[in-house]
């Protein structure tokens, strides 16, 4: 499960460690991290055979097995 609080905290800490101001997490930064985690989790579920994916004209779709 994705913990948004932890993602924001990690972004804040990373920015503070390199003295970036403001050290606040931008929505776009949080969204980018969430996107990476979702993609990784979906890929793992497909590899494990728990999800089946389909290519549509404009996107991908998924079915739980």
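Each reported figure results from applying straightforward, stated rules to the coordinates on display, with no laboratory input. What you are looking at is a predicted structure, and each value in this text was computed from that prediction instead of being measured. Here the Cβ positions follow ideal geometry from the backbone for every residue, glycine too, while neighbour counts run over all protein chains shown.
Of 18, 34, the sequence from fewest to most neighbouring Cβ atoms within 10 angstrom is 18, 34. Distance between the pseudo-spin-label points of residue 60 and residue 36 (7 Å out from Cα toward the beta carbon): 1.7 nm. Using the empirical formula 2.2 N^0.38 Å as the baseline, the Cα radius of gyration of the stretch 4-64 reaches a ratio of 1.53. Spatial offset of the stretch 32-62 relative to the stretch 5-22 amounts to 28 Å, using the alpha carbon center of each. Here the extension length gained between residue 12 and residue 47 equals 9.3 nm, from 0.36 nm per residue of separation less the Cα-Cα distance.
With respect to the chain, whose longest principal axis is taken over its alpha-carbon atoms, helix 27-47 is tilted by about 30°. Helix 4-17 and the longest principal axis of the C-alpha atoms of the chain enclose an angle of approximately 40°.
As a length-normalised measure over Cα pairs under 8 Å and 6 or more apart, the relative contact order of the chain settles at 22 percent.
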